[in-house]
Amino acid sequence: MVGKLVVLVSGSGSNMESLIAACRSGSVPGEVVGVAADRKCRGLEVAADEGIETALVEFSSFDDRTEWDRALLAEVSAWQPDLVVSAGFMRILAPSFVDAFPDRIVNTHPALLPSFPGAHAVRDALEFGVKVTGATVHLVDHEVDHGPILLQEAVAIEDGDTEESLHERIKAVEHRLLPEACRIVLERSGSEG
Ligand code: GRF
């Protein structure tokens, strides 16, 4: 079975790219059939260049958050995904969205959860002064940056690290962990179904 993957992005989309490559190489038993974003971003452009269907559900053009939630759910549902992958998506998913894809939404986060949830995880870890941070890929539940952890890997903080240099090393780990986590979830649901 080849699973249908939909990826949610807000930024450069490098995690999405690693996932597309892993699907095409056969290391993930899936295909990225759609990419949705809440804003215009490089990730959306890359997806379109790769010949993947895209949807821009621009948060700023909605007056009402609930309407935006509905629009995002409608776009993503139309692709009938087996797995939804939040890869640098900078919006909290509505409970109605999470409920539509139970145990089928994966998120990648640039810290060792439950430490440093939120939008500034790399900066927060640096400012706290921890010596080790990392990357976490987990299933999404109703809490922010929370849910069963699929994979996690530590990244050491080096003297002189900036938010940018540290984030680059964390992203390199995410690029490995995210496809691997998707493979695990797809194979698990394949053997159940
Ligand atoms: C990743 O580190 C992700 O965990 C965080 O934002 C970054 C997105 O990078 N939420 P990219 O858009 O995949 O390059």
Checklist entry - Filter region 14-46 for residues that are part of a loop (DSSP other than H, G, I, E, B) and in contact with a Ser or Thr (Cβ under 9 Å, 6 or more places away or on another chain); which is surrounded by the most Cβ atoms within 10 Å (Cβ to Cβ)? => result 38
Item to check | Residues that are polar (S, T, N, Q) and within 13 Å of the ligand (Cβ to nearest atom), drawn from region 79-110 | outcome: 86, 107, 108
Item to check | Test: residue in region 119-134 that is touching a Leu at 6+ places or on another chain (Cβ under 7 Å) and more than 15 Å from the ligand (Cβ to nearest atom) | outcome: no
Checklist outcome for this item: Within region 120-143, the residues that are under 13 Å from the mean Cα position of the chain (by Cα) and aliphatic (A, V, I, L, M) are 135, 137, 139, 140
Next on the checklist: It is to be established whether one or more residues within region 67-78 are of a type in the set (Val, Ile, Thr) and touching a residue at least 40 places away in the same chain (Cβ under 8 Å).
Outcome noted: yes
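For (1) touching a strand residue (DSSP E or B) at 6+ places or on another chain (Cβ under 9 Å); (2) within 13 Å of the ligand (Cβ to nearest atom); (3) over 15 Å from residue 171 (Cα atoms); (4) in contact (Cβ under 8 Å) with a residue 60 or more places away in the chain, each residue gets a yes or a no:
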residue	(1), (2), (3), (4)
5	yes, no, yes, yes
20	yes, yes, yes, no
26	no, no, yes, no
39	yes, yes, yes, no
Next on the checklist: Any residue that is closer than 25 Å to residue 189 by Cβ, among the aliphatic types (A, V, I, L, M) and either loosely packed, with under 15 Cβ neighbours inside 10 Å or within 12 Å of the ligand (Cβ to nearest atom) (or both) - is there at least one of those in region 55-78?
Outcome noted: yes
Checklist entry - Checking residue 23 against (1) under 16 Å from the mean Cα position of the chain (by Cα); (2) farther than 17 Å from residue 137 by Cβ, which test does it fail? => result (2)
Next on the checklist: I want to confirm something. Restricting to region 160-193 and keeping residues that are of a type outside the set (A, V, I, L, M, F, W, C) and in contact with a His (Cβ under 9 Å, 6 or more places away or on another chain), which single residue is nearest to the ligand (Cβ to nearest atom)?
Outcome noted: 174
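Bear in mind these aren't lab numbers, they're just calculated from the coordinates by the rules spelled out. What you see is a predicted model, and the numbers here were worked out from it, not measured in a lab. Every residue, glycine as well, gets a Cβ built from its backbone with ideal geometry; the counts of neighbours run over all protein chains shown.
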